[in-house]
1. Just the residues that are basic (Lys, Arg) and without any contact (Cβ under 8 Å) to a residue 40 or more places away in the chain, please, taken from region 491-545.
2. Would you mind listing the strands (runs of 3 or more DSSP E) fully within region 1-95 where at least 2 residues are in contact (Cβ under 8 Å) with a residue 12 or more places away in the chain, within 26 Å of the chain's Cα centre (by Cα) and surrounded by fewer than 24 Cβ atoms within 10 Å (Cβ to Cβ)?
3. Out of curiosity, is THR279 in contact (Cβ under 8 Å) with a residue 24 or more places away in the chain, within 16 Å of the ligand (Cβ to nearest atom) and of a type in the set (Ser, Thr, Tyr)?
4. Would you point out the residue of region 432-463, among those that are of a type outside the set (A, V, I, L, M, F, W, C) and without any contact (Cβ under 8 Å) to a residue 60 or more places away in the chain, that is farthest from MET269 (Cα to Cα)?
5. Would region 277-287 turn up any residue that is part of a loop (DSSP other than H, G, I, E, B) and among the hydroxyl-bearing types (Ser, Thr, Tyr)?
6. Among what's in region 317-352 and is in a strand (DSSP E or B) and of a type in the set (A, V, I, L, M), pick the residue that is nearest to the ligand (Cβ to nearest atom).
7. Do you know which residues across region 303-344 are within 22 Å of HIS394 (Cβ to Cβ), out of contact with any helix residue (DSSP H, G or I) (no Cβ under 7 Å at 6 or more places or on another chain) and open to solvent by less than 30 Å² (accessible area, probe 1.4 Å)?
Amino acid sequence: MCGIIGYTGPRKTAKILLEGLRRLEYRGYDSAGIAVGRENAEPRLEIIKSVGKIVELAKKMPEDIDGSWGIGHTRWATHGGVTEANAHPHTDMSGKIVVVHNGIIENHKTLRTMLGKKGVVFKSETDTEVIPHLIASYYEGDLLKAVLAALQHLEGTYGIACIHANEPGRIVGARNGSPLIVGVGNDEMFLASDITAMVAYTNRVIYLNDGEVVDITRDSYTITDRHSNMLDKQVDEITWELGAIEKSGFMHYMEKEIFEQPDSIARAMSGRIDEENATAKLGGLNLSRRQLADVHRVRIIAAGTSWHAGMTGSYLLEQAARIPAQAELASELRYRNPVVENDSLWFVVSQSGETADSLYAMREVQRKGATVLGICNVVGSTIARESDGGVYVHSGPEIAVASTKAFTSQLTAFYLFTLLMARMRDMSREEGQKFTRSLLAVPEMVRDALAQRDHIQAIAKKYCRAKDFLYLGRGILYPIALEGALKLKEISYIHAEGYSAGEMKHGPIALISPEVPSVFLVSDDYLHEKTISNIREIKARGGPIIAVGVEGDTEAMALADDFIAVPKADPRFYPFSMVVPLQLFAYFCALELGRDVDQPRNLAKSVTVE
Ligand code: F6R
């Protein structure tokens with residue numbers, strides 16, 4: 001979704017803004033723009049906007065553009081089409097007050113009418129444009145005061161950065177429901193919606209909370225609430241470096257992130273396994289043993305890929321820890337007036353920690369008394385901060401829009417939590433040791449799956465022209481089938497449906513024909529024979545079969561047109577090794593079809609609007 005970068009300091013501002021916007025590209029956008037201020041005798045702002053990619057914006061920049069402060073934005077259209085006029089920054093009528101904004105101003109129509117009556121002429125169709133005009137109506141020489149006054153009128157969500165031509169070097173920012181982070185440098189300051197935009201320059205950051213306003217110059221910052229009360233905020237140090245957000249020799253971020261999984265999974269479990277007692281240590285849960293023992297049901301809130309991780313976690317928790325568990329779609333749950341039982345523990349799973357559906361659903365159940373633990377990747381994100389405790393998955397920055405390494409790290413968090421809960425219940429030490437050994441072996445399992453790269457690429461070449469795919473699995477592999485189908489559709493734009501293999505005969509089997517390949521996930525557990533029968537049903541109707549199965553499964557191998565083998569393991573752990581070939585298959589199909597793998601159409605990395 002939209003991205004914000006602001007800079008004030010001695011470096012070439014236009015270059016910093018452009019580079020920041022490039023780093024924000026992964027979030028998804030359709031237009032971009034910057035405003036750069038020059039401190040001449042007559043200070044002025046230069047504004048450049050463009051639809052399309054950042055390269056288009058770069059082409060429009062005058063050679064001599066420079067200045068010492070400015071703001072930039074990548075826009076993902078919500079109100080008004082993808083046009084240059086609708087791209088940010090937006091200005092007041094004088095052109096001196098300039099604003100970039102993430103989020104949605106819900107009362108923009110009322111404000112437009114009110115401002116229109118005062119003679120304001122609007123240049124765009126956006127909700128954002130009301131903001132600079134409102135600020136202008138209060139401006140009396142102090143930008144902060146005018147912004148604070150304007151905020152009193154805004155309803156909805158926003159992350160805002162604002163500058164005034166007559167106040168060189170000053171940027172005012174405000175946050176309500178849309179992330180904003182201050183980057184503290186030496187004799188320079190940054191403001192961004194995402195750390196990636198400024199990590200090349202500073203690793204000292206301050207996370208703003210909703211309702212907070214920041215006023216920065218190159219060598220100072222003050223943070224207040226909306227009523228001008230000063231706040232003393234902590235400066236956090238981020239531990240990852242620039243290398244973590246670069247492609248490091250891979251063609252795409254998605255490829256890099258798929259191949260990072262042995263390491264990212266190992267990081268997610270690092271220091272969290274107590275081998276001696278065959279259990280897990282999850283300090284961040286903030287729950288005593290007594291409180292954990294009183295948990296009789298687990299409910300999991302998430303969206304998209306994170307929902308698939310939650311669903312896999314729910315199967316595992318029921319199977320291994322004997323706790324009833326259910327994964328809920330955040331977008332449904334919130335409006336369902338959910339029942340919150342006293343003995344339930346809730347999780348919210350979110351890579352970004354900013355997904356609006358998940359955040360609002362979390363707040364709704366918290367309001368009803370639920371204890372909600374976060375499983376998040378982005379440190380300091382809103383969900384991570386507002387949840388009652390939780391687990392950071394430490395995947396490192398995930399830049400590709402299609403989530404891969406965050407998924408397997410989220411799974412790891414559920415496997416750890418399951419081990420902890422199971423050992424407090426029925427699981428013996430011996431069983432716990434077996435589970436622990438399997439968990440520790442996951443990075444190696446994933447490495448073996450990755451070694452099939454060339455074989456999977458050849459299969460992708462063979463099938464990528466198909467118009468429709470079915471992905472089928474049973475039990476704990478059912479959510480993995482859903483995830484495989486999601487990966488394929490989002491980056492290759494091929495239509496794909498994930499189903500429980502057992503559900504085939506209740507309708508989807510009508511789709512089967514020689515043109516519709518089915519991707520089967522075949523475990524070697526108690527569901528093996530059932531899955532093999534499902535394969536036969538498809539085979540009998542002429543459907544091509546790609547099977548991801550366990551090495552040595554001669555039955556599946558004989559039936560499948562193409563077979564991808566994963567190493568034999570405890571069947572509860574196949575979600576890890578079987579999702580990897582599906583990620584690679586989607587990646588290679590998209591590559592073959594010439595898609596923009598890292599930034600698929602219509603999608604954004606972090607969906608901060610409902
Ligand atoms: C798919 C994908 C999305 C996200 C979903 C939730 O590859 O990335 O489906 O999983 O938008 O995002 P987070 O996990 O950030 O809450």
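1. Hits for region 491-545 are LYS505, ARG536, LYS539, ARG541.
2. 44-51
3. no
4. ASP454
5. The answer is no; no qualifying residue exists.
6. For region 317-352, the residue satisfying everything is VAL349.
7. GLY310
To keep it simple, each residue is scored yes or no on (1) surrounded by fewer than 19 Cβ atoms within 10 Å (Cβ to Cβ); (2) under 25 Å from the mean Cα position of the chain (by Cα); (3) assigned to a loop (DSSP other than H, G, I, E, B).
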| site | (1), (2), (3) |
| --- | --- |
| THR113 | yes, no, no |
| SER137 | yes, no, no |
| VAL147 | no, no, no |
| ILE163 | no, no, no |
| VAL172 | no, no, no |
| ARG175 | no, yes, no |
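The values are calculated or read from the model by the stated rules, or taken from the named source; none is laboratory data. Here the structure is a predicted model, which means the values were calculated and not measured. Please note: Cβ atoms are built from the backbone with ideal geometry, for glycine as well, and neighbour counts cover all protein chains shown. These accessible areas exclude ligands, DNA and RNA; they are computed on the full protein's heavy atoms, side chains included. Shrake-Rupley method; radii C 1.70, N 1.55, O 1.52, S 1.80 Å.
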